[in-house]
Every structure is written in structure tokens, then in C-alpha cells.
Amino acid sequence: MRKRYIPVQKRWGKKIPAVRIRPGADSELKNVFASIGVPEQAEFKPDPFQLNAIEAIEKADCLVTAPTGAGKTWIAVQSIAKVFKKGKKSWYASPLKALSNSKYHEFCDIFGSHNVGILTGDRKENPDVPIIVGTTEILRNQLYDAMHHGETLATDFVVLDEAHFLGDEERGVVWEETMIYLPARIPLLMLSATIGNAEQIASWLSSIRNKECIVINESKRPVPLFPLYLHPAGTLLPLLSNASSKEGGAQLFKKIGELLKTQKYGRQSYFQTLPPFGDILAVLKKYHLLPVIFFLKSRADCDAALNLCLNHSISNSSKRQLKERIKELEKNIPYVSFHRHIGKLENLAVASHHSGQLPSWKLIVETLMTEGLLDAVFATSTVAAGVNFPARSVAFLNSDRYNGKEFMPLSSTEFHQMTGRAGRRGMDKIGFMLAIPGRFLDIRLIAKLIYSPSLDIPSQIRINFSMVLNLLLSHSPDQIEDLLKKSFAAYILKQKKEKQGKKYLRNGNELLLKAFTHHLDFLIETGYVSKSGALTEDGIWASQLRVDQPLIIAEGFRLKIFPQKDPALLAAIIASFVNEKEMEDKIDRSFTPAKLLLAFAQVKKGLLPFAKLMFDSGFEIRPLYLRACAAIYAWAAGETWEKVVLISEMDEGNLAMLILRTADNLRHIRSLSTAFPEASHTAAEAIDLILKDPVLPFDYFPVHRQNAEEDGREKAE
């Protein structure tokens, strides 16, 4: 038989001969691989933790922590059904619009579409029906409005899905605010991945809501996980020794330990660049380990990986089935037909998935993977937290993760989220985690993370102008100070203070109060709040701008420097406040019409004194970039998507996100119909101009998606 070698790869100016890939498996894996298969269909029977949670929510608040796929949504469905039968209302909040849409379709099937509504900002349907699904931001905003009007929230039961988002650096403040403001009369069910300090969170909630919060903790995975190691020659090995356990820790399989110690362990013993994924898929296919999700370091790596799968083959019948399904999906989003990866998707059953792609393309990939039509998906680590599609195996090529600023080692919580995708409930008896050695993989760290407990969730509450303005609608400054004392941050620091003494820690509420006073003083100085602490007329309408930069946008309207008659211009200007990406602002003159240049210059000049005042007072000021304006103006004015991508110099996914977030900001401007009727009308027109194919939210893609996390259990029922 003729020997086949991988083409020589070039790195650091030197030629590195690639290692030969020949499928093989260590004898220790024989029994493990023999256990691969589809579990027998059995009559649905709730697990004890599910029944305990149903019982707990009848008498108290409840925090359920369980691994991905354990069946948390079943608890929510049963609880909502009980509330529904009593003729009362429920609110189901999730962190993502995509997840909210998925749950909306799921709940429509269960309870009937006439009984289920959705509120995501992009979409508002049936807002007065008994069951509402939406994003947590919308729920928080409804709490603001209820407090402002002196009313109670029009619901009788609240579910906070993905409650571990409480610790999210960017959005955790929304979860914490929601928990603080929610009236104690409304039972609260929180569903979360496993977290280290669930009892502490429950104790905090009990203290501020004056009612018990019961923790239901399930640590057992619904599908067992077995960790593997791929030798660069193609042989699969157990990653850990038989002596490894939760109590004894992770011990590397003897052959791997020897490999790490040997002097030969160098460039020949791990992949220098991206490995030959087609050959790796052949190894996994031989041992029935497909489908697989590969977690890679960057978007570029995810896309490049597809070109390394060209020798991967699928059957003609699989190709036909895949092409027919893609054709069905394309009816709703025709732009996808021209996607540069469509050929590899149809003919190789592989795809990349990352935030640089259009939402509609990612949704097609998720749908195909969930339906079992793909062999492999190459994704960045963000897919673990943001999307629920499963696989038999997940593979790691690096042990770090980009956090938006720098690469940091994976935490146990992040690792468990990623491995939570391995093993499909109702479809797999066992799931696999595969470590593929490379320059960025710390194999000892990966082994350690397997049995590491999840981390504690910290408080991420922070004061911002939107929060202060909205609280001042219904509270005096003194009352707000009392409210801030209920924060999780204050509770944590109070606990530490009690343990460590006053010598080392300040009062737990001092930093929050200081930040609140700082924001309040600036609002008084600039005329949005009176000296007595009440909102002025300007402060009242400014409070409706529940966006990232409410004050600087409010000032633009107060100074009358925003274009209020031209929807394309208004969208363009607002986009410059939404954009967070540093940009090169040297733009071709043909991309910047004179009226756009004039409007942009007027806004920058007009806001300069106020921006300087904010900066001198210690508040963040983002630079405004003309390129963001030019891209959104071109899109609103009818330019082709290809040309707008060229103008923006952004990945398609980033550009789509800029457009969608601009639309979100325009919706808040649309709400200013009393103070600025003309701008409100123009904002509504601008939204219609920019929300079009291929930048359509998930809401416009009417494909029913099962939530992969709960799919097996829901079908069993």
C-alpha cells in the first residue's frame, strides 16, 4: 500500500515536515468505544432534582444548577403550565434574542401560539397574553416602567434562564437589577449551569426578598463524558488514567505522561499549524465519534479549517439530504445561496461558526447540526455559551480563550460549558472530549479542568446614567441608596467584612454609593436632575434612552444637532455612538456624500464641549468614527450588501451586529414621540431602511428549532 504524507507546511521561515496520520486506537479504549450507541427509548420519567425543583417553586424562590442537557427547561415548562392552568401569567427571560426566539417557538407548540407572546426589542408580538418570552433587558425595562407608574409588574411568575449571566462582565448588571427590583410576591425560578456559590446567591436573594430561596443542585451529566487524546500520528489514547477521579484528581494516561517527558516531545509531537482536519475526521469517523465540534482560537482559523477538510467524503445519499434541507432553509433567506462556504457545507458536511458571520448563516449551521446533518463544525469558544447545538464529541486545540482584550487560560466554568456540548441526550450513550496537541494547548491544564469545580459568580453591578435616570423616575436619591444596599456586591463584601474584620474592607455599599453620587452630581450639573434630586423635563425623556450612551445621545437631541428629518442620516449618526470598534477613518470620498460629512462634523463639533465636560468628570467617552456612519448611511440609502461590507472594513457578522444595535438605539429614539415627534417618526423610518435581507434578525427566519439542551427529554415526554 502506498504511503501517504501530509504536504509540507511552512512556519517561522522553516519547513516543518508534517506527521503522518494513520487512524488507530489504544487497546484501553476497546470497551469505551464498544459503549457507543443510541440509548433505548424509554418512557419519560423525571429525575429527582426536577421533581424537587417543581415542589420547591410552589413554596419559595428556586435556583436550579445543573449541567447542560440535564433537563432544566422541563422544570420551567411544568411550572409555567401550573401557573397557566390557574389563569395567571408567566414571564420567561433569556440572555439572547436567538434563544428567546427558539423558546418562543417551543412554547407555542406546547401552549398554543395564541397564548404565547415574544418581546425582544426586534420583535413585539402578543404582549398581553398569559406567557411572555423575551430578553432579560426587556424584563428589566418593564420593571423600570412599573416602578415609574407605581404599578406592579403584570405577571405572576418569572423564569430567569441562564441565570449564571449574573456574573457576566458586560451584562450581569441587568440580571442583578432584575433580581433586586422584582416584587417579592412574584415567585422566581432561576435556571443555571453549575456554579460554585449557588448557596451564597440564594442567601442574598432570601435577604433582599424576605422569602426562602431553595437551591436544587444536580452535578451528574445526562450523558457521561470520556476524555481522549489524539497523538499526532493519528492514534487515539485515553487522556486520563483509570486512577483519575473527582476525589483523586486528574492523572494523565501513562503513555501521554511519558510522551510529555521524553526529549523527543517537540515539533514532531504536536501540530505546528492547523492540523489536517480531513484526516482527523477520518480517524473520528472510523471510531464512530462524529459529529464533532472543534473549538479553535480565532475566526480566521475556523474558516481556514474548512480548506483542510477537502479530502473528507460523505455518501451521495447524505449529500442529497443535506442539499434538500439547505434548499428548504434558503427559501427564507435567499442571500445564503451565495455564501462563500455553501459548497463545503453541501458537499463535505462541515461548517465554521463564529461571531464574524451573518446571524442567518449561523442559524442555518445550528439547524443542520441540531438535525444531525453535519459531521463537523469549527467554532470559537463563544459558541459554547451562546448556542445550544450538540455533538457526540468536542475537540480542543487550545486551552485559552479570548476575553475581548487578551487570551486567558480557560476557566473551569468555560471548560464545562464547552464540554457540555458533548453527548446528545436521547442520541448518545456517551460523549467524548478530544484534546489535539498543538502550540496553544496546555494538556495538563485541560486534564485538571475535567474535575475542577465551577467557579463562584461575582457581582457585576455598576452604576450608569441609564440606571440612575430610570431609578430617579420612581425613587428619591435616599431611596436609591437604600436600594443599592440590596446589591449582591454589597452582600458579598458584608460577608467578607464579617469574616475578616473592618481593618481590611470598607463598608460593602460605599463604592456603589460613591459611584451613584458621582453620576447624580453630574446630572444635576448638566440640568437633567434638579438640585432636589428630581428629574427635570429633560431628564424624564432622557430616561427612555435605555442604551449604552444615553446621556451623550440625549445631549445631541437637546442641542438639536441630530438630523431629525432624514432617516438615513439619523441612522448613520446613531451608528457612530453604537460602534465600539476602533476604525481607520481614511475613507474614499465616493463613500461619504457631502451631507453626511456635514452632519457628522456638526455632531462632533456640537457635542465637543459636553464630551469634554464628561471626560473631565471621569466618565468614559468613546471616539466617533466616520467609517461607521458611512457604512450605515450606504446601507440605509440602498447600496448593495457587498459594497457596504467594503466600506465598513468589517466582518459580515460584526457589520450585521452594528446594524441591529443601531436599530435597537433607534427604537428608543422612536419612544421619544412626545418630546421629539419628528425625530421619533424619522427613527421609525430609519429602522425599516436598515432591517432588510441579509441583515434580518432571527425573528424573520421562521424555522422551528428544538433547544438541543432539552431536546431528548422533551421528545421522550
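The values are calculated or read from the model by the stated rules, or taken from the named source; none is laboratory data. Everything quoted here is computed from the prediction, not taken from an experiment. Note: ideal-geometry Cβ built from the backbone for every residue, glycine included; neighbour counts use all protein chains shown.
May I ask you to say which residue of Lys531, Lys514 is surrounded by fewer than 16 Cβ atoms within 10 Å (Cβ to Cβ), more than 15 Å from Leu472 (Cα to Cα) and out of contact with any Pro (no Cβ under 8 Å at 6 or more places or on another chain)?
Checking each option against the conditions leaves just Lys514.
Is one or more of the residues making up the range 114-127 modelled with pLDDT of 95 or more and surrounded by fewer than 16 Cβ atoms within 10 Å (Cβ to Cβ)?
The answer is yes, given that some residue of the range 114-127 is modelled with pLDDT of 95 or more and surrounded by fewer than 16 Cβ atoms within 10 Å (Cβ to Cβ).
Would you call Ser360 assigned by TED's automatic domain parsing to the domain that holds Leu289, without any contact (Cβ under 8 Å) to a residue 60 or more places away in the chain and outside any loop (DSSP other than H, G, I, E, B)?
Answer is no for this residue.
Sort through Val350, Val292, Val365 and tell me the only one that's under 21 Å from Ala98 (Cβ atoms) and in contact (Cβ under 8 Å) with a residue 12 or more places away in the chain.
None of the others qualify; the one that does is Val365.
One residue is enough: does the range 298-309 have a residue meeting the conditions small (Gly, Ala, Ser), surrounded by 18 or more Cβ atoms within 10 Å (Cβ to Cβ) and in contact (Cβ under 8 Å) with a residue 40 or more places away in the chain?
Among the residues of the range 298-309, at least one is small (Gly, Ala, Ser), surrounded by 18 or more Cβ atoms within 10 Å (Cβ to Cβ) and in contact (Cβ under 8 Å) with a residue 40 or more places away in the chain, which makes the answer yes.
Please work out which one of (1) modelled with pLDDT of 95 or more; (2) within 29 Å of Ala447 (Cβ to Cβ) is the condition Leu348 fails and give its number.
(2)
List the number of the failed condition for Lys605; all other conditions in (1) touching a helix residue (DSSP H, G or I) at 6+ places or on another chain (Cβ under 8 Å); (2) modelled with pLDDT of 95 or more hold.
(1)
Of all the residues that make up the range 46-76, how many are assigned to a helix (DSSP H, G or I) and free of Cβ contacts under 8 Å to residues at least 40 places away in the same chain?
Matching residues across the range 46-76 total 5.
Report whether or not Pro550 is buried (at least 19 other Cβ atoms within 10 Å of the Cβ) and farther than 22 Å from Leu608 by Cα.
Spelling it out, it is not the case that Pro550 is buried (at least 19 other Cβ atoms within 10 Å of the Cβ) and farther than 22 Å from Leu608 by Cα.
Would you check which residues across the range 209-243 are within 15 Å of Ile443 (Cα to Cα) and assigned to a loop (DSSP other than H, G, I, E, B) and list them?
Answer for the range 209-243, where residues must be within 15 Å of Ile443 (Cα to Cα) and assigned to a loop (DSSP other than H, G, I, E, B): His231, Pro232, Leu239, Ser241.
Out of all the residues in the range 323-334, which are in contact (Cβ under 8 Å) with a residue 40 or more places away in the chain and either touching a Leu at 6+ places or on another chain (Cβ under 7 Å) or crowded, with 16+ Cβ neighbours inside 10 Å (or both)?
The answer is Arg325, Ile326, Leu329, Asn332, Ile333.
Could you list, in sequence order, the residues of the range 364-383 that are within 14 Å of the chain's Cα centre (by Cα) and surrounded by fewer than 23 Cβ atoms within 10 Å (Cβ to Cβ)?
Once the filter is applied, which keeps residues that are within 14 Å of the chain's Cα centre (by Cα) and surrounded by fewer than 23 Cβ atoms within 10 Å (Cβ to Cβ), the range 364-383 yields Thr380, Ser381, Thr382.
Scan the range 664-671 and give yes if some residue there is small (Gly, Ala, Ser), farther than 22 Å from Leu363 by Cα and crowded, with 22+ Cβ neighbours inside 10 Å, otherwise no.
no
Just for the range 276-309: of the residues that are β-branched (Val, Ile, Thr) and in a helix (DSSP H, G or I), which one is nearest to Leu236 (Cα to Cα)?
The selected residue is Val283.
Looking only at the range 581-608, which residues are surrounded by 11 or more Cβ atoms within 10 Å (Cβ to Cβ) and under 22 Å from His519 (Cβ atoms)?
Scanning the range 581-608 gives a single hit, Leu607.
Identify all residues within the range 534-547 that are of a type in the set (S, T, N, Q) and surrounded by 20 or more Cβ atoms within 10 Å (Cβ to Cβ); write none if there are none.
Ser543, Gln544
Let's see how each residue does on (1) out of contact with any Gly (no Cβ under 7 Å at 6 or more places or on another chain); (2) touching a residue at least 60 places away in the same chain (Cβ under 8 Å); (3) among the hydrophobic types (A, V, I, L, M, F, W, C):
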position	(1), (2), (3)
Ala395	yes, yes, yes
Pro409	yes, no, no
Pro437	yes, yes, no
Phe440	yes, yes, yes
Ile446	yes, yes, yes
Ile463	yes, no, yes
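Being farther than 27 Å from Pro183 by Cα and in the same structural domain as Ala154 (by TED's automatic domain parsing) is the requirement here; does Gly117 meet it?
No, not satisfied.
Got a sec? Which of Phe165, Phe84, Phe107, Phe157 is outside the structural domain of Leu472 (by TED's automatic domain parsing), aromatic (Phe, Trp, Tyr) and free of Cβ contacts under 8 Å to residues at least 40 places away in the same chain?
Phe107
I'd like to know if the range 70-81 contains one or more residues that are in contact with a Pro (Cβ under 6 Å, 6 or more places away or on another chain), assigned by TED's automatic domain parsing to the domain that holds Arg209 and surrounded by 24 or more Cβ atoms within 10 Å (Cβ to Cβ).
Taking every residue of the range 70-81 in turn, at least one turns out to be in contact with a Pro (Cβ under 6 Å, 6 or more places away or on another chain), assigned by TED's automatic domain parsing to the domain that holds Arg209 and surrounded by 24 or more Cβ atoms within 10 Å (Cβ to Cβ).
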